[in-house]
Amino acid sequence: MREQNNRNIVRNGPHAIEVLNVLSRDIPSVESRQTILEKAAQIIERSVNPRAEHSEHASDGLLYGLIQSGKTSIITVAAALAADNGFQCIVVLTSDIDLLYEQTLERMRIALRGLSVLGKNDWRDANRFERFLRIPPFVIVCSKNANKLDSLLEAFRKAKAGNLSAIIIDDEADQASLNTNTSRGVGQISRINNAITDFRNYFRINTYLQVTATPQALFLQRPDHFYRPSFTVLSSPGPGYIGGDQFFGASANILRHVDLQEVESLRADHQPSPSGQIPSGLQKALFIFLIGATSKLIQNPAGENGYAFLCHVSVNKRDHDYIVKLLDRFKENIINILGNPNISQNLRLMEDLREAYNDLCTTQDKMPQFHQIIEKMNFYINGMNIKLINASSNEEIRLDSVYNIFVGGNKLGRGVTIKNLLVSYYGRNPRRPNADTVLQHARMYGYRLDNLAVTRLFLPESLANRFRLIHQMENALRELVLKYPDGKFEGLFISDPLRATRTNVLDPNSIGMYVAGSSYNPTYPLRAMSQRRNTDWLDKRLAEFSDREDAYDLSIDFIIELLEHCEPDPGHEIELWNPKTIKAALEKIKTIKGDRAYLVVRRNRDLNQPRRETQGILSGREDELAQRDAPALFIYRQNANKKGEIEIWWPQLRFPDGNYVIAFSFDW
């Protein structure tokens with residue numbers, strides 16, 4: 001039985017006080033620590049009563065944070081509060097990647113100093129484990145590996161520990177915890193999901209807390225699904241956090257575009273014999289990193305020991321090996337050129353470094369003198385570390401040099417923290433990207449405000465647009481969750497161009513989102529002569545609708561009919577504005593809210609520049625012409641222009657307010 005409680009809890013117990021004291025080393029702000037305590041307290045308040053003595057009690061919820069925003073701090077404080085408020089067993093489920101598992105275990109042991117914290121090998125001795133269970137409260141950190149989970153549950157069963165009150169904290173719960181056989185519809189359950197379900201069913205009194213910054217897969221489960229959270233605690237970052245706004249917002253100035261073909265050229269299959277030639281965009285990124293890291297060192301010689309550069313363009317190990325070889329040769333060439341100041345190559349190098357220096361001067365005040373930076377860089381460049389971080393390497397993400405360059409794939413994705421990351425070069429470009437996976441690649445997010453002025457992100461423009469879209473989706477989803485923390489909103493699934501998450505965990509599929517109250521428009525209408533027939537058809541169909549100062553009350557079917565004659569220009573971005581998914585979404589709205597829509601008509605407009613699909617084409621307060629309780633179509637006739645483009649009708653569709661997200665997923 002799912003229970004939702006809002007109990008009064010002890011917030012100043014000994015374990016919570018101790019954890020907050022430990023956190024004060026890295027989080028000096030009293031206000032930030034108080035916010036962490038408040039979010040953790042919300043979790044425990046919504047959890048079951050661990051001291052319940054009648055029947056079975058269970059609850060489930062979600063801690064929804066931002067990428068690298070401090071979710072682990074909330075987890076540790078929540079664990080401490082759980083211990084202070086009567087929970088006997090605290091199980092933390094985390095990544096099966098050793099690097100991330102050890103990171104989580106270390107953080108738990110450092111923070112929860114008043115509790116026994118067991119690792120994934122500490123239940124092998126059944127007798128010792130049983131003795132350990134007799135001294136609650138305690139913490140167990142287990143990797144999400146099917147064999148480890150099964151062995152831990154078997155150890156609990158042998159100890160007959162089902163009456164322990166437990167809180168199960170599932171970190172990155174959207175990654176490995178869901179049933180990866182869902183889309184098959186055959187009733188089979190993946191091993192990890194089955195093991196976690198067994199844990200939830202084993203403890204008579206338990207709360208299951210999912211933790212993630214990308215909950216799309218969770219929210220796209222059926223409303224009554226065992227793994228769709230029934231309450232959500234929305235966490236916000238503290239002071240000093242930089243995220244999507246800084247990288248992809250309207251005023252962002254730290255993004256640098258590279259050619260998509262350049263990223264493709266870094267694949268080993270394209271150049272099996274490395275020539276030593278670094279592509280121009282990657283070279284610029286490296287120069288900016290070297291200049292920026294050196295400037296930080298000069299400005300604060302007693303401060304940080306080192307700085308990081310991230311190269312994340314592929315999951316292929318051969319590609320990683322190839323890039324490392326290129327970077328090794330790059331380092332060798334730079335050292336040789338700097339050691340020969342009279343050669344012509346040195347002059348070209350100084351010009352390139354000066355360009356990087358000037359770029360950083362646009363965002364960093366009081367940069368050290370260029371010659372100072374070059375002198376220091378010449379001294380430190382020999383110690384530059386180029387590290388391969390993937391499943392075949394044993395390298396750690398550690399800053400043991402002034403310049404640390406990390407090359408890899410999935411190990412550099414979800415969950416890993418890269419300290420002092422200044423420059424990222426990103427190029428992961430799957431044909432059918434998952435929004436949650438792409439967002440998890442945003443390792444450049446985090447508490448990096450002190451380094452923001454010398455921070456840069458290099459990636460192709462198409463991938464930047466993808467991140468921008470996902471950032472907008474994330475903001476919209478967080479706003480929706482803020483309104484409806486119980487997670488009770490409707491969903492429709494679609495998959496073009498982004499999928500919200502992996503299709504194998506959804507029934508049937510999933511993707512990006514049309515959010516209640518949001519507006520969407522084609523980036524640009526197709527204005528070729530072939531569209532004259534559509535313009536003529538719409539002219540006749542809309543002849544009876546004047547440009548009046550209020551909206552017409554019509555049917556959704558009528559709106560769909562109009563939109564079928566509004567063709568977007570395929571030469572511009574077509575992501576959210578896919579006519580088929582728009583139609584499917586409107587038909588879904590009709591089933592939820594009834595067949596009612598508004599229409600606003602305007603003529604003699606002269607808009608002839610592309611717009612982002614969420615930017616809109618309205619002027620002033622025109623969006624107020626239609627009420628917000630039903631879909632509203634604003635359809636504006638654009639005049640012919642000097643570019644030879646014909647008159648055309650350009651639509652903007654606003655979805656009605658309400659407690660739903662429409663996420664799409666149809667394969668056409």
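The values are calculated or read from the model by the stated rules, or taken from the named source; none is laboratory data. On a predicted model such as this, the values are computed, not experimentally measured, just so you know. Note that each Cβ is placed from the backbone with ideal geometry, even for glycine, and that neighbours are counted across all protein chains shown.
Tally the residues that are over 18 Å from E102 (Cα atoms) and touching a residue at least 40 places away in the same chain (Cβ under 8 Å), restricting the search to the range 139-174.
Within the range 139-174, residues that are over 18 Å from E102 (Cα atoms) and touching a residue at least 40 places away in the same chain (Cβ under 8 Å) number 13.
So, of the residues in the range 641-656 that are modelled with pLDDT under 95 and either closer than 16 Å to E587 by Cα or among the aliphatic types (A, V, I, L, M) (or both), which turns out to be surrounded by the fewest Cβ atoms within 10 Å (Cβ to Cβ)?
Applying the filter and picking the extreme gives P656.
Answer yes or no as to whether Y636 is over 21 Å from M529 (Cα atoms) and modelled with pLDDT of 95 or more.
No: the conditions fail for Y636.
Of everything in the range 555-611 that's touching a residue at least 60 places away in the same chain (Cβ under 8 Å) and of a type in the set (D, E, K, R), which residue is farthest from D657 (Cα to Cα)?
Ranking the candidates gives E573 first.
Quick one: N382 ticks every box in (1) crowded, with 18+ Cβ neighbours inside 10 Å; (2) in contact with a Lys or Arg (Cβ under 9 Å, 6 or more places away or on another chain) except a single one, so which number is it?
(1) is the only condition that N382 fails.
Among the numbered conditions (1) at pLDDT 90 or above; (2) on the phi > 0 side of the Ramachandran plot, tell me where A630 comes up short.
Status for A630: all satisfied but (2).
Would a scan of the range 327-344 turn up a residue that is buried (at least 17 other Cβ atoms within 10 Å of the Cβ), within 28 Å of the chain's Cα centre (by Cα) and either not assigned by TED's automatic domain parsing to the domain that holds A268 or not charged (D, E, K, R) (or both)?
no
Could you tell me how many of the residues in the range 257-295 are of a type in the set (D, E, K, R), surrounded by 14 or more Cβ atoms within 10 Å (Cβ to Cβ) and modelled with pLDDT under 95?
3
Taking the conditions exactly as written (buried (at least 18 other Cβ atoms within 10 Å of the Cβ) and over 24 Å from N429 (Cβ atoms)), does T232 satisfy them or not?
yes
Filter the range 114-155 for residues that are among the hydroxyl-bearing types (S, T, Y) and assigned to a strand (DSSP E or B); which is surrounded by the most Cβ atoms within 10 Å (Cβ to Cβ)?
Among residues in the range 114-155 that are among the hydroxyl-bearing types (S, T, Y) and assigned to a strand (DSSP E or B), the one surrounded by the most Cβ atoms within 10 Å (Cβ to Cβ) is S143.
Would you mind telling me which numbered condition in (1) at pLDDT below 95; (2) more than 30 Å from M529 (Cβ to Cβ) G616 fails?
For G616, the failing item is (2).
Here is a list: L347, L388. Which entry is farther than 26 Å from V416 by Cβ and either touching a Phe, Trp or Tyr at 6+ places or on another chain (Cβ under 6 Å) or not hydroxyl-bearing (S, T, Y) (or both)?
Of the residues listed, the single one that is farther than 26 Å from V416 by Cβ and either touching a Phe, Trp or Tyr at 6+ places or on another chain (Cβ under 6 Å) or not hydroxyl-bearing (S, T, Y) (or both) is L347.
With the requirement that a residue be of a type outside the set (S, T, Y) and closer than 17 Å to A176 by Cβ, what does the range 106-158 give you?
K120, V141, C142, K144, N145, A146, N147, K148, L149, D150, L152, L153
Condition first: of a type in the set (A, V, I, L, M, F, W, C) and in contact with a helix residue (DSSP H, G or I) (Cβ under 8 Å, 6 or more places away or on another chain). Can you find one or more residues in the range 617-630 that meet it?
Yes, some residue in the range 617-630 is of a type in the set (A, V, I, L, M, F, W, C) and in contact with a helix residue (DSSP H, G or I) (Cβ under 8 Å, 6 or more places away or on another chain).
So L62 ticks every box in (1) crowded, with 23+ Cβ neighbours inside 10 Å; (2) more than 30 Å from E474 (Cα to Cα) but one. Which box is left unticked?
Just one mismatch for L62, condition (2).
Scan (1) outside any helix (DSSP H, G or I); (2) buried (at least 21 other Cβ atoms within 10 Å of the Cβ) for the single condition I582 breaks and write down its number.
(1)
Just give me the residues in the range 552-584 being hydrophobic (A, V, I, L, M, F, W, C) and at pLDDT 95 or above, in sequence order.
L554, I556, F558, I559, I560, L562, L563, C566
Among the residues of the range 178-216, which ones are over 27 Å from the mean Cα position of the chain (by Cα) and crowded, with 24+ Cβ neighbours inside 10 Å?
Result: F203, I205, N206.
Run down R611, R603, R548, R541 and say which single residue is surrounded by fewer than 18 Cβ atoms within 10 Å (Cβ to Cβ) and under 27 Å from the mean Cα position of the chain (by Cα).
From the options R611, R603, R548, R541, the qualifying one is R611.
Just to confirm my filter: which helices (runs of 4 or more DSSP H) fall fully inside the range 299-384 and include at least 2 residues that are within 18 Å of S424 (Cα to Cα)?
Counting at least 2 such residues, we get 317-338, 344-361.
Answer yes or no as to whether F199 is within 27 Å of I135 (Cβ to Cβ), out of contact with any strand residue (DSSP E or B) (no Cβ under 7 Å at 6 or more places or on another chain) and either in contact (Cβ under 8 Å) with a residue 12 or more places away in the chain or not in a helix (DSSP H, G or I) (or both).
No, not satisfied.
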